[in-house]
1. Taking the criterion of being assigned to a strand (DSSP E or B), of a type in the set (A, V, I, L, M, F, W, C) and in contact with a Leu (Cβ under 9 Å, 6 or more places away or on another chain), would at least one residue in region 93-112 satisfy it?
2. Here are K104, K112, K143: which of them is surrounded by fewer than 16 Cβ atoms within 10 Å (Cβ to Cβ) and within 16 Å of L24 (Cα to Cα)?
3. Find the residue count for region 80-92, including only residues that are part of a loop (DSSP other than H, G, I, E, B) and either touching an Asp or Glu at 6+ places or on another chain (Cβ under 6 Å) or in contact (Cβ under 8 Å) with a residue 40 or more places away in the chain (or both).
4. Do you know which residues across region 68-93 are more than 18 Å from L41 (Cβ to Cβ), surrounded by fewer than 21 Cβ atoms within 10 Å (Cβ to Cβ) and either more than 12 Å from the chain's Cα centre (by Cα) or among the β-branched types (V, I, T) (or both)?
5. Quick one: is A48 among the hydrophobic types (A, V, I, L, M, F, W, C) and in contact (Cβ under 8 Å) with a residue 24 or more places away in the chain?
6. Need the failing condition index for T25 against (1) at pLDDT below 90; (2) within 20 Å of L111 (Cα to Cα); (3) surrounded by 12 or more Cβ atoms within 10 Å (Cβ to Cβ), just the number.
Amino acid sequence: MAAGSVLTFVIVGRDDHPIFEADLTSKASEVVNRDDRAQYLHQFVLHAALDAVDEQIWTTTNMHLAQVDNFNQLRVSAYVTAAQMKFLLLHDGKSEDAIKAFFKDVYEVYLKVMMNPFFTPNTQITSPSVHQRIRAIAKTQLKA
């Protein structure tokens, strides 16, 4: 992935509360050097895209909504589960096929989390192993 590219993933639960957020860029481990303004811009763009997701949910029966919003060079792709959990990916121009495969694989990880009897639905997903699995999926599917 090119230097300076954007790849941010969030899972949004009921009442538009984010329950998982991950910076999936290749240099995400360098949290100390991250630009806070860029991080806030990414959160703002993702939050603003929720309205577009809510509108598109009613126009299709597909779970994968593809690109739902954009801001400058940033694009937001979405996937909505049967339980109305929203997966949003902020990127700067990835292939729709790669994004669809990414969402499908992340959905499998999400289902495993939901099937855990010790997990309370619509609460923060804080498991480091879930974070690692999603980063690995992004690395293989999105070449992050």
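1. The answer is no; no qualifying residue exists.
2. K143
3. Count: 3.
4. Listed by number, the residues that qualify are T81, A82, A83, Q84.
5. So A48 does not fit the description; no.
6. Only one criterion in (1) at pLDDT below 90; (2) within 20 Å of L111 (Cα to Cα); (3) surrounded by 12 or more Cβ atoms within 10 Å (Cβ to Cβ) is unmet by T25, namely (2).
The values are calculated or read from the model by the stated rules, or taken from the named source; none is laboratory data. All values derive from a computational prediction rather than experimental measurement. Ideal geometry is used to build each Cβ from the backbone, glycine not excepted, and the neighbour counts take in all protein chains shown.
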